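Notes to accompany the following structure.
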Amino acid sequence: MAQVPNENTPAKGPAKERGDRRPGGRGRGRDEKRASEDDLIDKLVHINRVAKVVKGGRRFSFAALVVAGDGSGRVGFGTGKAREVPEAIRKATEQAKREMIHVPMRDGRTLHHDVEGRFGAGHVVLRSAPAGTGIIAGGPMRAIFEAMGVHDVVTKSIGTSNPHNMIKATFNALSNSTSPRSVAARRGKKVSEIVSRRGGPSTPAAAKE
């Protein structure tokens, strides 16, 4: 005997297919993170070949030093070791992306103030520069500023020329770099008071950093 449908019973809509999912599911954040990582700038700074003497000959391995940045003030460096060069570069790049720091920039092109950095025998001096100066830096330091997005800076390496010590000394200097906004918050003053003492006009772009 057929069952007569009741008028009070709500009618069921069309059944959802198995593949239908709401937009913005589980994989959305993962895709956005992967897209942001693809926009990073990777620069190979140095590759060192290491030979280990074993029974029957020598075994070679490679150590890579890589700098990565997003071109907007975030930069990091990493090292990787492997039996093959591509694998060493991949390990160094992944470490550089994990250990990135944010450096405040003036008008999006240079540093806010002069700063020095030291690591071991490495000693570097970084100076802010007016527009049109360009990146006056050599070797590993140039790769850092190109990946970070700096357009005008003057640098000098006083200590060793070892690329690892130069990179770490440069990051030591960049970590000590501050913005007028953070200094004003720490001293309880206005940003305009801090910027006016620098000798230049207080621009809105400098106050936002």
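Suppose we look only past 13 Å in the calculated P(r) of the stretch 134-176. What percent of the Cα-Cα pairs does that tail hold?
50
Shape of the stretch 31-180 from its Cα gyration tensor (a ≥ b ≥ c, root eigenvalues): rounded if a/c is under 1.5, otherwise prolate when a/b > b/c, or oblate?
Note, shape of the stretch 31-180 comes out oblate.
As a test of the definition: which semi-axes, in Å, follow for the stretch 56-133 when you take the square root of five times each eigenvalue of its alpha carbon gyration tensor? Largest first, please.
Three semi-axes, in Å: 33, 16, 10.
Keeping every protein chain present and rolling a 1.4 Å probe, give me the accessible area per residue for the stretch 87-197 in Å².
Result: 49 Å² per residue.
The stretch 60-97: which trypsin sites (Lys or Arg not before Pro) are DSSP loop and have at most 11 other beta-carbon atoms within 10 angstrom?
ARG83
Accessible area of the stretch 134-178 with a 1.4 Å probe: how many percent of it is carbon plus sulfur?
Percent of accessible area from carbon and sulfur atoms in the stretch 134-178: 51.
With θ set to phi - 60°, apply the Karplus curve 6.51 cos²θ - 1.76 cosθ + 1.60 along the stretch 101-111 and write out the HN-Hα couplings as whole Hz, x wherever there is a Gly or Pro.
Those phi angles translate into 10, 9, 10, x, 10, 8, 6, x, 9, 8, 7 Hz.
Report ³J(HN,Hα) in whole Hz for each residue of the stretch 161-167, in order, from the Karplus equation J = 6.51 cos²θ - 1.76 cosθ + 1.60 where θ = phi - 60°; Gly and Pro get x.
Result, ordered by residue: 9, 5, x, 5, 5, 5, 4 Hz.
From the phi of every residue in the stretch 180-190, what ³J(HN,Hα) in whole Hz does the Karplus formula 6.51 cos²θ - 1.76 cosθ + 1.60 yield, where θ is phi - 60° and glycine or proline is x?
Each residue's phi maps through the Karplus curve to give x, 5, 5, 5, 5, 5, 6, 9, x, 10, 7 Hz.
The values are calculated or read from the model by the stated rules, or taken from the named source; none is laboratory data. Since the model is a prediction, treat every value here as computed from it, not as a measurement. Glycine gets a Cβ as well: all are built from the backbone with ideal geometry, and neighbour counts include every protein chain shown. These area figures cover heavy atoms from the full protein model, side chains too; ligands, DNA and RNA do not enter into them. Shrake-Rupley method; radii C 1.70, N 1.55, O 1.52, S 1.80 Å.
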